[in-house]
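Engineer: Attaching a single structure in structure tokens format; questions to follow.
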Amino acid sequence: MIAILEQGLLLSLAAIGVYISFRVVDLPDLTPDGSYVLGGAVAVSLLYAGHGWVFSTLMAILSGAIAGCVVAFITTRFRINSLLGSIMVMTGLYSINIRIMGAPNLPVPRFDTGSITGYESMMGGTSLDDLLGKTTSSYQGAGVKAVKVPFDNLANGHDLLLIAGIVAIAVVLMWFFLRTEFGMMFRGYGRNRAAVRNLGVNPDLYAYVGLIIGNAFTALSGALFSMYSGFADVNMGVGTVVICLASVILGEILFSQYEPLYGVLFPVVGALLYQFLLSLAMRYGYKIGFKPSDMKLVTALFVVSVIAIRRFRKSEVII
Amino acid sequence: MIELNNVTVIYNKGTADERIALKDLSLNVEDGEFLIVVGPNGAGKSTLLKVITGEVRPFSGSCKVYGKVVKSERFFSIASIVSQDPNQGIFPNLTVEENLILARKKGVRGFGFGKIYARSLDLLAFTDMGLEKDLKRKAAKLSGGQKQALAMVMAVSSNPKLLLLDEHTAALDPKSTEKIMELTDKINKEFGTTIIMITHDMNIPEQYGTSVLVMGDGTIYTKIDKSKESIDARQLKEIIRSTVLMNVE
Ligand SMILES: Nc1ncnc2c1ncn2[C@@H]1O[C@H](COP(=O)(O)OP(=O)(O)OP(=O)(O)O)[C@@H](O)[C@H]1O
Ligand SMILES: [Mg+2]
């Protein structure tokens, strides 16, 4: 149960990002599939290089922000639909992520492999030996220095507290931001670009801010997930947008008319629910012949059907 | 002052779809003038406003607003525009209050935010639509007339020199139309804002405005200065009708 909450909250950070781009500023953005990995790749690579986890995470956030900035530039400068612009960036990020990691995937070195002689010597410290034991052989030759990550992967609530704290700070910051006068215009921009221009303000500014914040959140989520799970993989971002969108929609359905904290709670609650449903499907799904890999199909079908239902009841579309 | 000299606007030039929207049109609008523009569909009325905002570039001729040649970026700091679509001028997902707060952003001249806001509330109260008591309501949930009242108040909250109105009462019922027109008139009279207003409502030119411009087929048929030519309502209506009809043949 704790693991579900932890993973749900990690996902919710990416979902907040998708909520910002898809809902708040209404710029559909597919970059998260790439910027999620980018966050993980940057964080793990920096950990390798001997930097601390806080610095690595901050740099990961920055890298996501840059990716968002590039999408915003392409979208506003060349007047390209944000979907198309973001597909370009997402595709490009695939190559960039491999460059950053130097390989399609990169494990988080948790042990000082220089002093490790074999599997047995690792047995002492952690309960994750089974998971990490498999990868020791690759460390041995390299002699990688161990890094400190903030997660201990024990079901003792430590990780949960940390992740929940980060999500809480993120939610409060977002809420605070959306309350300010700039945030008001930011929200208004999402529904009426022309009115922003009418007020003598350049609307493109808000496209930049929206896509930057959105991808910064996604990269943060990817970075924390990589540290949490012990690896970064170039394919770990596949489906991020759809999963996050499903989370946002779940949240919207749960809250219906009510819009807590300008809707910033939608993605958080939605992601928790999504993760819960996912683990249910994983645990009991086999009874009806469900495979974990089917989850993405189910998610995609869910998103499409909700959009279809909303389209049919057009007059009731929630603004 | 707004000066258009021999302005010609051609849409889709060089294609099979080519269309001349304004033909060699010249027009002066004085400061403080309240000009009502009438004419059949496709006469070029909206295009005229778009030339003034800089949204459409003339093929030939020039347009100067307060002595400066029009550039679209500059426009929004001196002028405001309200169109016929009540949803266009407001942020539907924000509350009335938030809409008003944002509206003061634009080119504030001479007076502070607090004063602008207070004036906005006064103007809202003037329209008598109950908006000033409903500040926490989402703008999307307002009626068409209320939305248009809000859009008008937002448009003038920073005291623009020029207000352009493209059929801003077209979607409203007679009662709301009257309220919005009273507000429009007040803005012109009390703040001295120059107004160019397009309408298809033939009752408006006789009740409001200092002058009437009758357009058709991309040209000006006639411009009537109501203060100089002392004509009564019926005469005015007759002039408009006959001018339009005569030229349509
Ligand atoms: N964007 C455009 N592209 C091509 N042609 C256009 C465009 N906008 C207007 N036109 C044409 O220019 C002419 C003038 O249009 P305009 O919108 O100025 O007329 P209007 O007087 O405002 O009419 P209405 O009363 O219907 O609003 C019309 O023939 C119209 O078809
Ligand atoms: Mg028109």
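Engineer: Scan the range A:226-242 for residues that are surrounded by fewer than 24 Cβ atoms within 10 Å (Cβ to Cβ) and either in contact (Cβ under 8 Å) with a residue 12 or more places away in the chain or not assigned by TED's automatic domain parsing to the domain that holds A:Trp53 (or both) and report the count. Spell out the reasoning first.
Structural biologist: Within the range A:226-242, the first condition is being surrounded by fewer than 24 Cβ atoms within 10 Å (Cβ to Cβ), and the residues that meet it are A:228-231, A:233-236, A:238-239, A:242.
Now restrict to residues that are either in contact (Cβ under 8 Å) with a residue 12 or more places away in the chain or not assigned by TED's automatic domain parsing to the domain that holds A:Trp53 (or both): A:228, A:230-231, A:233-236, A:238-239, A:242.
Number of matching residues: 10.
Engineer: Considering the range B:20-35 alone, what residues qualify as being away from ligand 2 (no atom under 14 Å from the Cβ) and among the aliphatic types (A, V, I, L, M)?
Structural biologist: Kept after step one, since they are away from ligand 2 (no atom under 14 Å from the Cβ), are these residues of the range B:20-35: B:20, B:23-35.
Result: B:Ile20, B:Leu25, B:Leu27, B:Val29, B:Leu35.
Engineer: Output the qualifying pairs, or none if there are none: Cβ atoms under 8 angstrom, residues six or more apart or on different chains, first residue in the range A:156-178 and outside the structural domain of A:Glu259 (by TED's automatic domain parsing) and at positive phi, second residue modelled with pLDDT under 95 and of a type in the set (Gly, Ala, Ser).
Structural biologist: Within 8 Å, no pair qualifies.
Engineer: Checking B:Tyr11 against (1) at pLDDT 90 or above; (2) within 16 Å of ligand 2 (Cβ to nearest atom); (3) surrounded by 15 or more Cβ atoms within 10 Å (Cβ to Cβ); (4) more than 14 Å from every other protein chain (Cβ to nearest Cβ), only one condition comes out false. Which one?
Structural biologist: Evaluating B:Tyr11 over (1) at pLDDT 90 or above; (2) within 16 Å of ligand 2 (Cβ to nearest atom); (3) surrounded by 15 or more Cβ atoms within 10 Å (Cβ to Cβ); (4) more than 14 Å from every other protein chain (Cβ to nearest Cβ) leaves (3) as the failure.
Engineer: Could you say whether any residue in the range B:14-25 is within 16 Å of ligand 1 (Cβ to nearest atom), at positive phi and either surrounded by 15 or more Cβ atoms within 10 Å (Cβ to Cβ) or not charged (D, E, K, R) (or both)?
Structural biologist: Residues of the range B:14-25 that are within 16 Å of ligand 1 (Cβ to nearest atom), as a first pass: B:14-25.
From what is left, the residues that are at positive phi are B:14, B:24.
Cutting the leftovers down to either surrounded by 15 or more Cβ atoms within 10 Å (Cβ to Cβ) or not charged (D, E, K, R) (or both) gives us B:14.
Checked the range B:14-25: at least one residue is within 16 Å of ligand 1 (Cβ to nearest atom), at positive phi and either surrounded by 15 or more Cβ atoms within 10 Å (Cβ to Cβ) or not charged (D, E, K, R) (or both).
Engineer: State all residues of the range B:121-177 that are of a type in the set (Asp, Glu) and either under 17 Å from B:Thr95 (Cβ atoms) or within 13 Å of chain A (Cβ to nearest Cβ) (or both); if no residue qualifies, say none. Give the derivation first.
Structural biologist: Of the residues in the range B:121-177, the ones of a type in the set (Asp, Glu) are B:122, B:128, B:132, B:134, B:166-167, B:173.
Selection gives B:Glu132, B:Asp134, B:Asp166.
Engineer: Of all the residues that make up the range B:55-85, how many are within 16 Å of ligand 2 (Cβ to nearest atom) and either modelled with pLDDT under 90 or not β-branched (Val, Ile, Thr) (or both)?
Structural biologist: So the answer is 6.
Engineer: Of the conditions (1) more than 24 Å from B:Leu183 (Cα to Cα); (2) exposed (fewer than 13 other Cβ atoms within 10 Å of the Cβ), B:Gly44 satisfies every one except a single condition; which number is it?
Structural biologist: (2)
Engineer: In the range B:38-52, what residues are within 8 Å of ligand 2 (Cβ to nearest atom) and basic (Lys, Arg)?
Structural biologist: B:Lys45
Engineer: Would you mind stating whether A:Leu160 is surrounded by 21 or more Cβ atoms within 10 Å (Cβ to Cβ), in a helix (DSSP H, G or I) and more than 14 Å from chain B (Cβ to nearest Cβ)?
Structural biologist: The answer is no for A:Leu160.
Engineer: State whether the residues of the range A:46-54 include one that is crowded, with 23+ Cβ neighbours inside 10 Å, at pLDDT below 95 and out of contact with any Gly (no Cβ under 9 Å at 6 or more places or on another chain).
Structural biologist: yes
Engineer: Okay, next question. Please verify whether B:Thr222 is in contact with an Asp or Glu (Cβ under 9 Å, 6 or more places away or on another chain) and either of a type outside the set (Ser, Thr, Tyr) or modelled with pLDDT of 75 or more (or both), treating the condition exactly as stated.
Structural biologist: Values: in contact with an Asp or Glu (Cβ under 9 Å, 6 or more places away or on another chain): no; either of a type outside the set (Ser, Thr, Tyr) or modelled with pLDDT of 75 or more (or both): yes.
The answer is no for B:Thr222.
Engineer: Additional query: Please return the ranges of strands (runs of 3 or more DSSP E) entirely within the range B:151-241 where 1 or more residues are away from ligand 1 (no atom under 16 Å from the Cβ) and not hydrophobic (A, V, I, L, M, F, W, C).
Structural biologist: Output list reads B:194-198, B:211-216, B:219-225.
Engineer: Give me the residue from the range B:196-211 that is crowded, with 22+ Cβ neighbours inside 10 Å and away from ligand 2 (no atom under 16 Å from the Cβ) and, out of that set, farthest from B:Met152 (Cα to Cα).
Structural biologist: Here the residue is B:Pro205.
Engineer: Take the conditions within 9 Å of another protein chain (Cβ to nearest Cβ), modelled with pLDDT of 85 or more and over 17 Å from the mean Cα position of the chain (by Cα) and apply them to B:Ile101. Does it pass?
Structural biologist: yes
Engineer: Right, here's the next one. I'd like the residue in the range B:81-97 that is more than 7 Å from chain A (Cβ to nearest Cβ) and surrounded by 19 or more Cβ atoms within 10 Å (Cβ to Cβ) and, out of all such residues, is nearest to A:Asn198 (Cα to Cα).
Structural biologist: Going through the range B:81-97, the residues more than 7 Å from chain A (Cβ to nearest Cβ) turn out to be B:82-87, B:95-97.
Okay, now just the ones that are also surrounded by 19 or more Cβ atoms within 10 Å (Cβ to Cβ), so B:82-83, B:86-87, B:96.
Values: B:Val82: 9, B:Ser83: 11, B:Pro86: 14, B:Asn87: 13, B:Val96: 17 Å.
Checking each candidate, the answer is B:Val82.
The values are calculated or read from the model by the stated rules, or taken from the named source; none is laboratory data. As the structure is a prediction and not an experimental result, all values here were calculated from the model. FYI the Cβ positions are ideal-geometry reconstructions off the backbone, even for glycines, and counts take in every protein chain you see.
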